[in-house]
Amino acid sequence: GKTTFARNLCATADQVGFAGCRYFHWIPRVFGKAQFPWPVFSDLARNFGPASALLSVFRLLKSILLARISWTFRIAPLVRAGHLVLLDRFITNYWLDPASVRYGGPAWLLALAQRLFPKPDVLIALDAPEEILSQRKGELTPGQIREQQQRLRDLPSLAKSRIDLDAAQPPDALAATAFAKLSALP
């Protein structure tokens with residue numbers, strides 16, 4: 001999964017020329033430490049309930065503001081210092097899994113927000129066959145998995161470059177493939 005992939009990238013980042021690695025889950029806090037040791041993850045219930053449009057707009061605006069602040073004061077300095085910075089989810093769940101961020105606002109607002117969020121250098125999109133995802137993501141129904149896979153294929157340009165990887169690969173091979181594709185980018 002994503003966490004194992006991120007661990008493998010961080011474990012080998014210095015071997016491929018990075019000064020270090022920092023991992024953040026969602027939008028990084030401006031103050032505080034990067035999430036090492038790794039946070040404990042567990043399956044979350046999917047009973048979020050309907051999201052009101054007004055609260056959705058407020059949450060989206062708050063996320064844009066927090067993302068821009070953390071980008072300026074936390075992420076950009078790390079990148080300039082030569083670190084590999086991994087942003088797990090960051091803003092992508094507004095498009096991939098709007099229920100998880102309780103977004104129920106209009107699609108046109110997300111299209112506008114796309115231009116206001118900072119753009120990472122690379123978005124690494126992990127996908128796997130539905131059977132594998134069903135085993136790994138027990139909290140999602142097969143229909144939700146198919147819907148998210150389609151959203152992943154249709155994801156707007158949220159980064160300057162995109163690398164698509166098959167997450168069914170063995171974890172070590174997946175990290176090696178990611179670094180090879182990263183080094184091939186202009």
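The values are calculated or read from the model by the stated rules, or taken from the named source; none is laboratory data. Source: prediction; values computed, not measured. Cβ placement follows ideal geometry from the backbone for every residue including glycine, while neighbour counts extend to all protein chains displayed. Only protein heavy atoms, including side chains, enter the accessible area calculation; ligands, DNA and RNA are left aside. Shrake-Rupley method; radii C 1.70, N 1.55, O 1.52, S 1.80 Å.
Things to note:
- Computed with every protein chain present, the accessible area of K119 is close to 80 Å² [probe 1.4 Å].
- A 1.4 Å probe over all protein chains sorts T141, T3 by accessible area into T141, T3, starting with the largest.
- Full-stretch length increase - R102, Q135 - with 0.36 nm per residue and alpha-carbon distance subtracted: 9.4 nm
- By the combined test of axial Cα extent (at least 30 Å) and Kyte-Doolittle hydropathy (mean at least -1.0), none of the DSSP H helices of the chain qualifies.
- Dipole of the chain, positive end: most advanced residue of A81, L174, Q144 [Cβ charges, Cα centre]: A81
- Compared with the alpha-carbon gap, the fully stretched path from V122 to K160 is longer by 13.1 nm at 0.36 nm per residue.
- Accessible area (Å², 1.4 Å probe, nearest 10) - L185: 50
- When a 1.4 Å probe is rolled over the protein heavy atoms, the share of accessible surface on the chain that falls to carbon and sulfur comes to 59 percent.
- Relative contact order computed over the chain (Cα-Cα under 8 Å; 6+ residues apart), in percent: 27
- Label-point gap, in nm, between A111 and E147 - each point 7 angstrom along Cα→Cβ: 2.1
- Cα-only radius of gyration and Dmax that characterise region 62-136, units Å: 14.6, 41
- Test item: Cα-centred dipole of the chain, Lys/Arg +1 and Asp/Glu -1 on Cβ, debye: 800
- For the chain: rounded, prolate or oblate by the Cα gyration tensor [a/c cutoff 1.5]: oblate
- Cross-link reach is defined here as a Cα-Cα straight distance under 21 Å, omitting same-chain residues fewer than 8 places apart; for K2 the lysines meeting it are K33, K119, K137, K160, K181.
- Excluding ligands, DNA and RNA, the accessible surface per residue across region 39-186 is 56 Å² with a 1.4 Å probe.
- Solvent exposure of W71, expressed as accessible area, is near 60 Å², computed with a probe of 1.4 Å over the protein chains only.
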